[in-house]
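**Q** Quick one: this structure, given as structure tokens, is what I'll be asking you about.
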Amino acid sequence: MKIILLGAPGAGKGTQAQIISEKLSLPIIGTGNLIRAALKDGSEMGQLLKSFMDAGKLVPDEVVVKMVAERLQANDCKSGYILDGFPRTLAQAKAFEEMGGEIDIVLDFDIADEVIAGRLSGRRICANCGATYHMEHHKPNTEGKCDLCGGELIRRKDDEPATIAARFEVYHAETAPLKGYYANTGKLVVINAHGSVEDTTAQVLKLLEAK
Ligand code: AP5
């Protein structure tokens with residue numbers, strides 16, 4: 001199964017990607033995580049990407065497209081994958097098709113901006129493996145430590161209020177048009193992402209099982 005998770009920053013894509021990945025044994029290609037991993041080498045390119053992310057802007061299409069194209073070559077992607085946060089512009093969607101990328105279903109996480117702001121301000125991520133938590137809705141077993149690898153939980157720099165506003169603006173201008181694009185292919189399905197993590201997972205699994 002080849003799945004795209006589409007939706008605003010903080011809509012719950014990463015959380016559901018983790019759950020679906022475990023249930024269906026599919027790898028996650030999360031461009032946010034791929035970019036964050038690329039920053040760790042301290043290179044000039046890494047610094048440049050960090051400046052885009054920290055400002056809430058998209059990193060250039062060609063950089064992300066290259067990362068995804070390389071990741072798709074791995075053996076674990078042969079029978080399916082979950083694309084989390086890619087494509088995020090029409091140019092990326094077209095580049096994905098040109099590289100032979102295939103998709104069975106696009107899940108659009110529909111949620112109001114006001115609800116998301118609370119989710120992002122309480123979010124913490126593992127500095128080591130990138131797993132996601134929330135201070136109220138998804139607490140780790142031990143405060144400040146990742147359940148999966150024991151890494152330290154930190155706040156993402158782009159989860160500061162001013163940067164959240166910039167990310168919403170970019171989402172509505174650059175990414176939301178992809179809904180129309182995928183609706184025209186007949187692959188778009190809208191998920192109501194306002195409920196609990198469990199509610200959202202139930203909707204997602206029902207749709208995937210019907211595929
Ligand atoms: P990325 O890391 O992809 O961030 P995003 O798309 O902004 O999405 P988020 O990770 O913020 O949110 P999410 O929907 O995954 O929500 P989550 O599950 O964490 O990208 C970061 C940056 O990288 C971009 O701004 C850009 O600079 C760059 N980038 C990435 N991809 C790119 C691309 N393709 N092109 C160009 N640039 C790119 O949930 C949020 C919080 O809510 C968590 O704390 C979670 O525990 C909690 N939560 C989740 N679900 C629920 C629920 N149902 N109820 C209550 N709480 C919930």
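The values are calculated or read from the model by the stated rules, or taken from the named source; none is laboratory data. Just so it is clear, the model here is predicted, and its values are computed rather than measured. Glycine also receives a Cβ, built like all others from the backbone with ideal geometry; neighbour counts cover every protein chain displayed.
**Q** Would you call Lys139 basic (Lys, Arg), farther than 25 Å from Lys66 by Cα and in contact with a Cys (Cβ under 9 Å, 6 or more places away or on another chain)?
**A** On the way: basic (Lys, Arg): yes; farther than 25 Å from Lys66 by Cα: yes; in contact with a Cys (Cβ under 9 Å, 6 or more places away or on another chain): no.
Judged against the criteria, Lys139 is not a match.
**Q** Oh, and also: Among the residues in segment 146-165, are any among the charged types (D, E, K, R), modelled with pLDDT of 95 or more and near the ligand (Cβ under 9 Å from one of its atoms)?
**A** No, segment 146-165 contains no residue that is among the charged types (D, E, K, R), modelled with pLDDT of 95 or more and near the ligand (Cβ under 9 Å from one of its atoms).
**Q** Would you check if Ala11 is in contact with a strand residue (DSSP E or B) (Cβ under 8 Å, 6 or more places away or on another chain), among the small types (Gly, Ala, Ser) and assigned to a loop (DSSP other than H, G, I, E, B)?
**A** Values: in contact with a strand residue (DSSP E or B) (Cβ under 8 Å, 6 or more places away or on another chain): yes; among the small types (Gly, Ala, Ser): yes; assigned to a loop (DSSP other than H, G, I, E, B): yes.
Against the criterion (in contact with a strand residue (DSSP E or B) (Cβ under 8 Å, 6 or more places away or on another chain), among the small types (Gly, Ala, Ser) and assigned to a loop (DSSP other than H, G, I, E, B)), Ala11 qualifies.
**Q** I would also like to ask the following. If I go through segment 10-42 residue by residue, how many of them are of a type in the set (Ser, Thr, Tyr), crowded, with 16+ Cβ neighbours inside 10 Å and more than 7 Å from the ligand (Cβ to nearest atom)? Even if it seems obvious, please write down each step before you answer.
**A** First, the residues of segment 10-42 that are of a type in the set (Ser, Thr, Tyr): 15, 21, 25, 31.
Next, from what is left, pick out any that are crowded, with 16+ Cβ neighbours inside 10 Å: 15, 21, 31.
Subsequent filtering for residues that are more than 7 Å from the ligand (Cβ to nearest atom) retains 21.
Adding up the residues that qualify gives 1.
**Q** Something else about it: Give me the residue from segment 177-195 that is assigned to a strand (DSSP E or B) and within 13 Å of the ligand (Cβ to nearest atom) and, out of that set, farthest from Leu24 (Cα to Cα). Working first, answer last.
**A** Filtering segment 177-195 for residues assigned to a strand (DSSP E or B) gives 188-192.
Subsequent filtering for residues that are within 13 Å of the ligand (Cβ to nearest atom) retains 191-192.
Values: Ile191: 19, Asn192: 21 Å.
Within segment 177-195, the match that is farthest from Leu24 (Cα to Cα) is Asn192.
**Q** If you go through segment 94-133, how many residues are more than 10 Å from the ligand (Cβ to nearest atom), under 17 Å from Gly14 (Cβ atoms) and crowded, with 19+ Cβ neighbours inside 10 Å?
**A** Adding up the residues that qualify gives 4.
**Q** Would you call Glu136 within 12 Å of the ligand (Cβ to nearest atom), closer than 23 Å to Leu58 by Cβ and loosely packed, with under 15 Cβ neighbours inside 10 Å?
**A** Numbers: within 12 Å of the ligand (Cβ to nearest atom): yes; closer than 23 Å to Leu58 by Cβ: no; loosely packed, with under 15 Cβ neighbours inside 10 Å: yes.
For Glu136, the condition - within 12 Å of the ligand (Cβ to nearest atom), closer than 23 Å to Leu58 by Cβ and loosely packed, with under 15 Cβ neighbours inside 10 Å - is not met.
**Q** Another question about this same structure. Which residue out of Val170, Val197 is at pLDDT below 95, of a type in the set (A, V, I, L, M, F, W, C) and under 21 Å from Ala117 (Cα atoms)? So that I can check it myself, show each step before the final result.
**A** On the way: Val170 fails: at pLDDT below 95.
So the residue among Val170, Val197 that is at pLDDT below 95, of a type in the set (A, V, I, L, M, F, W, C) and under 21 Å from Ala117 (Cα atoms) is Val197.
**Q** Still on this structure, I have one more. Have a look at Glu169, Glu198, Glu174 and point out the one that is farther than 14 Å from Ile111 by Cβ, within 16 Å of the chain's Cα centre (by Cα) and part of a helix (DSSP H, G or I).
**A** Values: Glu169 fails: within 16 Å of the chain's Cα centre (by Cα); Glu198 fails: within 16 Å of the chain's Cα centre (by Cα).
So the residue among Glu169, Glu198, Glu174 that is farther than 14 Å from Ile111 by Cβ, within 16 Å of the chain's Cα centre (by Cα) and part of a helix (DSSP H, G or I) is Glu174.
**Q** Further, regarding this structure: Pairs please, first residue from segment 88-99 and farther than 12 Å from Tyr182 by Cβ and touching a residue at least 40 places away in the same chain (Cβ under 8 Å), second anywhere and charged (D, E, K, R) and crowded, with 20+ Cβ neighbours inside 10 Å, Cβ atoms under 6 Å, 6+ apart in sequence or on different chains.
**A** Correct list of pairs: empty, since none qualify.
**Q** Now a separate question. Within segment 80-93, is even one residue within 12 Å of the ligand (Cβ to nearest atom) and surrounded by fewer than 19 Cβ atoms within 10 Å (Cβ to Cβ)? Step through it out loud before you land on a result.
**A** Step one: of segment 80-93, the residues within 12 Å of the ligand (Cβ to nearest atom) are 82-93.
Remaining after also requiring surrounded by fewer than 19 Cβ atoms within 10 Å (Cβ to Cβ): 90-91.
The answer is yes, given that some residue of segment 80-93 is within 12 Å of the ligand (Cβ to nearest atom) and surrounded by fewer than 19 Cβ atoms within 10 Å (Cβ to Cβ).
**Q** In segment 177-211, how many are small (Gly, Ala, Ser), surrounded by 14 or more Cβ atoms within 10 Å (Cβ to Cβ) and touching a residue at least 24 places away in the same chain (Cβ under 8 Å)? If you could, list the steps in order and put the result at the bottom.
**A** Initially, segment 177-211 is screened for residues small (Gly, Ala, Ser), giving 180, 183, 186, 193, 195-196, 202, 210.
Still in the list and also surrounded by 14 or more Cβ atoms within 10 Å (Cβ to Cβ): 183, 193, 195.
Checking the rest, the ones that are also touching a residue at least 24 places away in the same chain (Cβ under 8 Å) come to 193.
Residues that pass the stated criteria total 1.
**Q** Looking at segment 43-65, which of the residues that are in a loop (DSSP other than H, G, I, E, B) and free of Cβ contacts under 8 Å to residues at least 60 places away in the same chain is nearest to the ligand (Cβ to nearest atom)? Working first, answer last.
**A** First pass over segment 43-65, keeping only residues in a loop (DSSP other than H, G, I, E, B): 43, 55-60.
Adding the requirement that they be free of Cβ contacts under 8 Å to residues at least 60 places away in the same chain leaves 43, 59-60.
On the way: Ser43: 17, Val59: 4, Pro60: 7 Å.
Step by step, filter segment 43-65, then rank; the result is Val59.
**Q** A further question follows. From the set of residues in segment 103-158 that are outside any loop (DSSP other than H, G, I, E, B), touching a residue at least 60 places away in the same chain (Cβ under 8 Å) and in contact with a strand residue (DSSP E or B) (Cβ under 6 Å, 6 or more places away or on another chain), which is farthest from Cys77 (Cα to Cα)?
**A** Residues of segment 103-158 that are outside any loop (DSSP other than H, G, I, E, B), as a first pass: 105-110, 113-121, 123-126, 132-134, 138, 145, 152-154, 157-158.
Those still in the list that are touching a residue at least 60 places away in the same chain (Cβ under 8 Å) too: 105-110, 113, 115-117, 119-120, 123, 132, 138, 157-158.
Going one step further and asking which of them are in contact with a strand residue (DSSP E or B) (Cβ under 6 Å, 6 or more places away or on another chain), we end up with 105-110, 123, 132.
On the way: Ile105: 16, Val106: 17, Leu107: 19, Asp108: 22, Phe109: 23, Asp110: 27, Arg123: 29, Thr132: 22 Å.
Among those residues, the one meeting the criterion is Arg123.
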